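The values are calculated or read from the model by the stated rules, or taken from the named source; none is laboratory data. Everything numeric here is computed off the predicted structure, so don't read it as measured data. Reconstructed Cβ throughout: ideal geometry from the backbone, glycine too, with neighbour counts over all protein chains shown.
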Amino acid sequence: MSQQTSPIFGNLDWSVTPYTDLLRDVNSSTIVGAGAASVLVLGALFGIVLLTWMRWWGPLYRNWLTSADAKKIGIMYIALALVMLARGIIEGFVMRAHQATALGTLAQQESGLVAPDHFAQLFSTHGTIMIFFVAMPLLIGLINFVLPQQLGARDMAFPVLNQVSLGLTAVGAALVMISLLIGKFGTGGWTMYPPYTGLDFSPGEGVDYWLWAILISGMGSTLTGMNFAVTIFKSRAPGMHFMRMPLFCWTSLCVAIMLIYAMPALTVSSAMLALDRYADFHFFTNDAGGNMMNYANIFWMFGHPEVYILILPAFGVFSEISSTYSGKRLYGYTSLVIASMSIAVISFTVWLHHFFTMGQSAGVNIAFGIATMIIGIPTGVKIYDWMATMWRGRIRVTAPIVYLTGFFLLFVIGGLSGIILANPSIDYQVHNSTFLVAHFHNVIIPGVLYGMLAGIHYWFPKAFGFRLSERWGRRTAFLFVGGFVFTFMPLYVLGLMGMPRRSPTFQNPDFMPWMYIAAFGGVLMLCALASLAWTFWTSYRNRDALAVPGGDPWNGSTLEWSTPAPVPEWTFPRIPHVTARDDWGECKRAGDPWRAPDEYRDIEMPANTAHGLLIAGASFGLGFAMVWHIWWLAVLSFLAIPAIVALRAMRVIEPRIVKAAEVELADRRFRQQVASFAPATRADEETERNRGVPDLSEFAG
Amino acid sequence: MGTGSKFWIKLGAIGLFACLGATSAMASSTLQQSFLQPMGPVAEEQFSHLLRVVGITMIVILPVLVGVPLILWRYRYTKPRGDYTPEWEFSKKLEYALWGVPVLVVIVLASWLWYSTAKLDPYKTLGPEPLQVQAVGLDWKWLFIYPEEGVATVGELAVPVGRPVEITLTTDTVMQSFLIAPLAGQIYAMPGMTTKLNFSATRAGAAEGENTQFNGSGFGRQKFTVRALAPSDFAVWVAEGARGPTLDERSYATLRRQSVLADARTDLGLEKSAEPIMMTLGQEDAFQQIIAKYHGPGGASSDGRWGGTGLPQAGMAGADK
């Protein structure tokens, strides 16, 4: 970094790339750094060449980037998440490889695959990416895709705002990505506790990359929460009472409410830290009246609800698949609704358990410890309810059920370690240790990741018209289960042995066997990632054999299975009148569910717009300029955002009208197709005979 | 599901229990680093509370670990055994059990939580006249001051067996977390503020203490040795401290630099090794002076006294990094 800030380029100069470090000193750490930057550059180049070669720029722009269709926005969220997931898993593997080579002594310089500072960047980006740019876009994407279809709505309440939210999330991810090539990332972990991340102790661009990624994407998530909530409150199909909504809609509602109340706390703590760093405020500094405890307090007011924001949509998915693949009604619907809403509320009352060790009185710790245990009750009830759903069912062991099984068996162990950590007296010992690392991975991987991957597998045919390979889906699921067990069970042991988290080196040789097991687990995780990619690829190649144009491959009972696969832009030819919980299932019981509507009408859909792209472009300019102190660009970008909004507000925006004739043509073709297919029994579910038209005689749930 | 998948399930289960079971059979290294081998009453109680919690929680966990494989096996589509009740969706009796059992378990757990948290409050002294030690977290080492004995050390904490100890903690850099696992749990230490940790050792031995809150490149080497000594040995140890260099404002400023213990020794002109540094306490209120730096009027006002308040300068030996 240059000493003086240039008026044009800010703090940017040619020395900020990892290649400079590599030229200065060739070692494993700088090679890994330069290698990662090269993968980013080559990946981007490959993408550009591919798009140009295939002439995909136009379709990409017209059909995707400017689309305001919630289903497409959902798919883009998930695509973004999967790209970031690849980086996150690879980083996790590099960290495991580093620690397997990091045994040292107190007298010697740290050794191992990467340097301590590089290691610290790795755990910081890994955590930031996995929480904000994998888990969040996965669940927001899945909700975007599924929620309107399950509610019987055509789109989100605010389709263009939805586009803006996606744009802001992508900008955050882009800022984290670009830090691989330009400059460094912060080293304070995903929580970025000051004063370590204050200007005194972390000068330079690293913490700023995190701050702007979080501030910008956090704004997007807040807007998403509002969008979901209004959609659920105002856009349900006629007759879709609250107590008729599928469980996934209920958990989406919980998520929406929690996003609205939790995300602002993160924005506030990050904004205060930014003021400390940019404007010499003293909110969290060591001196001048600053107090770092306020940061931890505000951050975790967001942070704890956040983990339930992550897990609840997965709980929604598990509710859907446990019922569908068991051929049975969901057990204890009302119980599950009450449990979900209780979790959403109680999750706001436990945040202090993230810092039992900060020195407050025992009484405060006791209160928050007990609150933490109470949240385990509804969570436990949900697990028992799903077991009761499968009990006396007829369970098809598809890929989602493998994920669900992995979730059952592993999540309860995560629950056990959670109950352990809820005891302040034990937390004093294992806080900040790898026991804690094992715990939160144990709830987030089997919970969120398995849930989201199960959901993707379940709804994939609805999005693209063909099923994913069950064989490869199951293999991937087994690899993720095995990878988890081998990577994180050793970390429980290491934590009990006294190993702190985030250790760039350690001196106890007894740790080594566990490190090797964990590194092997890291290899399995890489295999799982490859297997996931292969699942998509091989399924795409066999898409004709896997095609399910009938749209109901799993013999489901919720509204989204009544439409063709892939689902048309307008979703429903006529908005359905809902008469029961699991309305599609009721139609099947009544016989002839595929009856065509009496008449077709014109359908209004939101018109395509580049609004989200423009806002995202300006936000990226703002974030990047602030990170590198390019003040002119920052001011310009900052002013551009209200200008873009104002310009759109001054124009008359016409919706796109889909003509009744067009809808009728497509819908009649769909219904003829359904009539022409031989219904597939559940035994044939995984074979080519499954064309998305199930055997109704089997439908009883 | 083929035989391959069953193999994976088995393998996973074996790995899981092997990992959890092996914790008790850990080989012990020279320095004890785990509360599973307690050296005093606090860690002992923490260990037994851990076992208690695991035991009680099993009541709600075992049904899942046993029930899920059973349900999958018995009701699998390909070869089902039991009844099929697709319309069944509610049972009042079952509902009472599903909510009731976890509630009862949490009531029991919460009572134990209350008891053990109150008992192990780190601020509560473990007996009359505890040994007073002041600890200062630096980048990347710990300074211990024994105001009554007139000695100070870097990287070593000695305590007499049988006498309660009360450590008052602060840092002179970023936030840190102070842990001696075999003796007591951790507590944060923050600049300009103090926290307390009370414990006592019931048997002689050596343990490793550490900072668990990441604070930069030297974090992995910010360890210190804890010696629980017989009272007579402790007196010898204190006398030895009186022969070391003096801890005063100047030597403190050197110690405050960003360096691990081995490099700090070089900075002080001592032989380079990871051995602790024994010092004579030159000024009795050193600890108070260090805290007071952060409370002057008008911000960073310590005028550089006691090493100042900002980012510690890089240690000499570490400067070549």
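Numbers for the structure displayed
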| read-out | value |
| --- | --- |
| Residues of segment A:228-249 satisfying the condition of being free of Cβ contacts under 8 Å to residues at least 40 places away in the same chain and either crowded, with 23+ Cβ neighbours inside 10 Å or within 23 Å of the chain's Cα centre (by Cα) (or both) | A:ALA229 |
| Selection status of A:TYR492, modelled with pLDDT of 95 or more and either in contact with a strand residue (DSSP E or B) (Cβ under 9 Å, 6 or more places away or on another chain) or not in a helix (DSSP H, G or I) (or both) | no |
| Any pair with Cβ under 6 angstrom, 6 or more apart, that starts in segment B:277-297 at a residue that is within 14 Å of chain A (Cβ to nearest Cβ) and ends at one that is of a type in the set (Asp, Glu) | B:ILE290/B:ASP172; B:TYR294/A:ASP287 |
| Residue list for segment A:657-701, filter: more than 26 Å from A:SER539 (Cα to Cα), surrounded by 13 or more Cβ atoms within 10 Å (Cβ to Cβ), among the aliphatic types (A, V, I, L, M) and more than 14 Å from every other protein chain (Cβ to nearest Cβ) | A:VAL658, A:ALA660, A:VAL663 |
| Failed condition for B:VAL136, given (1) assigned to a helix (DSSP H, G or I); (2) in contact with an Asp or Glu (Cβ under 6 Å, 6 or more places away or on another chain) | (1) |
| Residue tally, condition over 21 Å from A:GLU91 (Cα atoms), hydrophobic (A, V, I, L, M, F, W, C) and not in a helix (DSSP H, G or I), over segment A:2-41 | 3 |
| Options A:VAL397, A:VAL430, A:VAL402, A:VAL437; residue that is at the interface with chain B (Cβ under 10 Å from one of its Cβ atoms) and surrounded by fewer than 23 Cβ atoms within 10 Å (Cβ to Cβ) | A:VAL397 |
| Count of segment A:474-485 residues which are within 7 Å of chain B (Cβ to nearest Cβ) and either of a type in the set (Ser, Thr, Tyr) or buried (at least 24 other Cβ atoms within 10 Å of the Cβ) (or both) | 4 |
| Hits in segment B:170-189 (condition: among the hydrophobic types (A, V, I, L, M, F, W, C) and surrounded by fewer than 24 Cβ atoms within 10 Å (Cβ to Cβ)) | B:ILE187 |
| Matching residues in segment A:675-697 - criterion: being in a loop (DSSP other than H, G, I, E, B), over 14 Å from A:GLY556 (Cβ atoms) and among the acidic types (Asp, Glu) | A:GLU686, A:GLU688 |
| Some residue of segment A:574-584 being of a type in the set (S, T, N, Q) and closer than 23 Å to A:GLN150 by Cβ | yes |
| Residue within segment A:86-99 that is within 14 Å of chain B (Cβ to nearest Cβ), in contact with a Gly (Cβ under 8 Å, 6 or more places away or on another chain), outside any helix (DSSP H, G or I) and of a type in the set (S, T, N, Q) present | no |
| Those residues of segment A:97-123 which are in contact (Cβ under 8 Å) with a residue 40 or more places away in the chain and among the β-branched types (Val, Ile, Thr), in sequence order | A:THR105, A:VAL114 |
| Residue that is away from chain B (no Cβ under 14 Å) and buried (at least 24 other Cβ atoms within 10 Å of the Cβ), where the choices are A:GLY141, A:GLY198, A:GLY225 | A:GLY141 |
| Boolean, A:TYR428 is within 23 Å of A:ALA314 (Cα to Cα) and among the hydroxyl-bearing types (Ser, Thr, Tyr) | no |
| Enumeration of residues in segment B:37-89 that are within 7 Å of chain A (Cβ to nearest Cβ), touching a helix residue (DSSP H, G or I) at 6+ places or on another chain (Cβ under 6 Å) and of a type in the set (Val, Ile, Thr) | B:VAL53, B:THR57, B:VAL60, B:ILE61, B:VAL64, B:VAL68, B:ILE71 |
| Options A:LEU51, A:LEU60, A:LEU40: the member that is touching a residue at least 60 places away in the same chain (Cβ under 8 Å) and either of a type in the set (A, V, I, L, M, F, W, C) or surrounded by 13 or more Cβ atoms within 10 Å (Cβ to Cβ) (or both) | A:LEU40 |
| Flag for A:PRO461 being closer than 30 Å to A:GLY550 by Cα and more than 14 Å from every other protein chain (Cβ to nearest Cβ) | yes |
| Any hit, segment A:278-289, residues being within 14 Å of chain B (Cβ to nearest Cβ), in a helix (DSSP H, G or I) and over 20 Å from the mean Cα position of the chain (by Cα) | no |
| Filter result for A:VAL627 (buried (at least 19 other Cβ atoms within 10 Å of the Cβ) and under 30 Å from A:ASP592 (Cβ atoms)) | no |
| Selection status of A:ASP208, of a type in the set (D, E, K, R), surrounded by 22 or more Cβ atoms within 10 Å (Cβ to Cβ) and either in the same structural domain as A:ASP385 (by TED's automatic domain parsing) or not in a helix (DSSP H, G or I) (or both) | yes |
| Which numbered condition A:LEU336 misses (of (1) modelled with pLDDT of 95 or more; (2) out of contact with any Leu (no Cβ under 7 Å at 6 or more places or on another chain)) | (2) |
| Test result for A:LEU147, away from chain B (no Cβ under 14 Å) and either touching a Cys at 6+ places or on another chain (Cβ under 9 Å) or on the phi < 0 side of the Ramachandran plot (or both) | yes |
| B:TYR115, sole failed condition from (1) assigned to a helix (DSSP H, G or I); (2) within 7 Å of another protein chain (Cβ to nearest Cβ) | (2) |
| Exclusive hit being within 22 Å of the chain's Cα centre (by Cα) and not in a helix (DSSP H, G or I), set A:LEU526, A:LEU468 | A:LEU468 |
| Matching option when the condition is in a helix (DSSP H, G or I), away from chain B (no Cβ under 14 Å) and of a type outside the set (Phe, Trp, Tyr), among A:PRO238, A:PRO305 | A:PRO305 |
| Where a residue in segment A:398-417 is in contact (Cβ under 8 Å) with a residue 40 or more places away in the chain and its partner, wherever it lies, is among the basic types (Lys, Arg) and surrounded by fewer than 23 Cβ atoms within 10 Å (Cβ to Cβ), with Cβ under 9 Å and at least six apart | A:ALA399/A:ARG471; A:ALA399/A:ARG475 |
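Yes/no per residue for (1) crowded, with 23+ Cβ neighbours inside 10 Å; (2) within 25 Å of A:GLN360 (Cβ to Cβ); (3) facing another protein chain (nearest Cβ under 10 Å); (4) touching a residue at least 12 places away in the same chain (Cβ under 8 Å):
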| residue | (1), (2), (3), (4) |
| --- | --- |
| B:LEU126 | no, yes, no, yes |
| B:GLU148 | no, no, no, yes |
| B:GLU156 | no, no, no, yes |
| B:THR195 | no, yes, yes, yes |
| B:PHE219 | yes, yes, yes, yes |
